[in-house]
Amino acid sequence: MNYQLFELINGPAGRWDGLDDAMEFAATWLIYGVFAMSAVLVAMALYRRRLRPVLELGVALFFAFAGATLLSHLSDQVRPFQSHHVHQLLAHDPGISLPSDHATAAFALAFGVYAFLSRPWGVVLGLAALAVGYSRVWVGVHYPGDILAAAVIAGLAVLEVAMWSRWKRTRSGAVEGIL
């Protein structure tokens, strides 16, 4: 099913130059916009002396990349162009495909910004993360499952940090109420 979805998304690649250019841009450069917007939001939070959400975002990013690294070491799934005929629009080194590092970063930042810094900007970054992930499949360097795995890893990392932080705040509030 993963390959069939890949064919559905990658099949039209190479037919419309303008659309291909947009997908190549999203697959290569949009992640930098996600990082830049996240950095602006972090800077604004620090300016307002909101250290906790910035630390929570940082820990969630760490967990997301740790999870992605672990999964990539356990996986033997190679990139689509290594085992299938694809419309590869970007040059890329061969290697393990699962999960997508670009999508892991984009989704972890989007989910983390949504949970810890700004819900509206989290939604905007979430749309950008979807564009990054979709475009990575369009240009032929990832399967849809690689993108889904990245989103799940990022979501679980952010959820773990959010739940731990909430538990910690509730627990410290309960202890203060007793004293």
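Descriptive notes on the structure:
- Only one of 140, 133, 145 that is out of contact with any Gly (no Cβ under 6 Å at 6 or more places or on another chain), in contact (Cβ under 8 Å) with a residue 24 or more places away in the chain and part of a loop (DSSP other than H, G, I, E, B): 140
- Per-region count, region 75-101, residues under 19 Å from the mean Cα position of the chain (by Cα), more than 22 Å from residue 30 (Cβ to Cβ) and not in a loop (DSSP other than H, G, I, E, B): 1
- Any hit, region 132-146, residues being over 17 Å from residue 28 (Cβ atoms), out of contact with any Phe, Trp or Tyr (no Cβ under 8 Å at 6 or more places or on another chain), crowded, with 16+ Cβ neighbours inside 10 Å and at pLDDT 90 or above: yes
- Criterion applied to 104, 69 was being open to solvent by less than 10 Å² (accessible area, probe 1.4 Å) and in a helix (DSSP H, G or I), and the one residue passing it is 104.
- Residue pairs meeting the criteria (Cβ under 7 Å; at least 6 apart or on separate chains; first surrounded by 13 or more Cβ atoms within 10 Å (Cβ to Cβ), in region 47-65; second at pLDDT below 95): 56/165
- Among the residues of region 7-25, those identified as outside any helix (DSSP H, G or I) and either surrounded by fewer than 11 Cβ atoms within 10 Å (Cβ to Cβ) or not small (Gly, Ala, Ser) (or both) are 12, 15, 16.
- Test result for residue 97, among the small types (Gly, Ala, Ser), surrounded by 21 or more Cβ atoms within 10 Å (Cβ to Cβ) and at pLDDT below 95: yes
- Filter pass, residue 1 being of a type in the set (A, V, I, L, M), buried (at least 19 other Cβ atoms within 10 Å of the Cβ) and more than 19 Å from residue 119 (Cβ to Cβ): no
- Of all residues in region 26-43, exactly one satisfies the criterion of being in contact (Cβ under 8 Å) with a residue 12 or more places away in the chain and open to solvent by 80 Å² or more (accessible area, probe 1.4 Å), namely 35.
- Residues that are open to solvent by less than 40 Å² (accessible area, probe 1.4 Å) and over 29 Å from residue 80 (Cα atoms), drawn from region 107-121: 112, 113, 116, 117, 118
The values are calculated or read from the model by the stated rules, or taken from the named source; none is laboratory data. In this text, all values refer to a predicted model and were calculated from it rather than measured experimentally. Neighbour counts run over all protein chains shown; Cβ positions are idealised from the backbone, glycine included. To get the accessible areas, we keep the full protein, side chains included, count just its heavy atoms, and leave off ligands, DNA and RNA. Shrake-Rupley method; radii C 1.70, N 1.55, O 1.52, S 1.80 Å.
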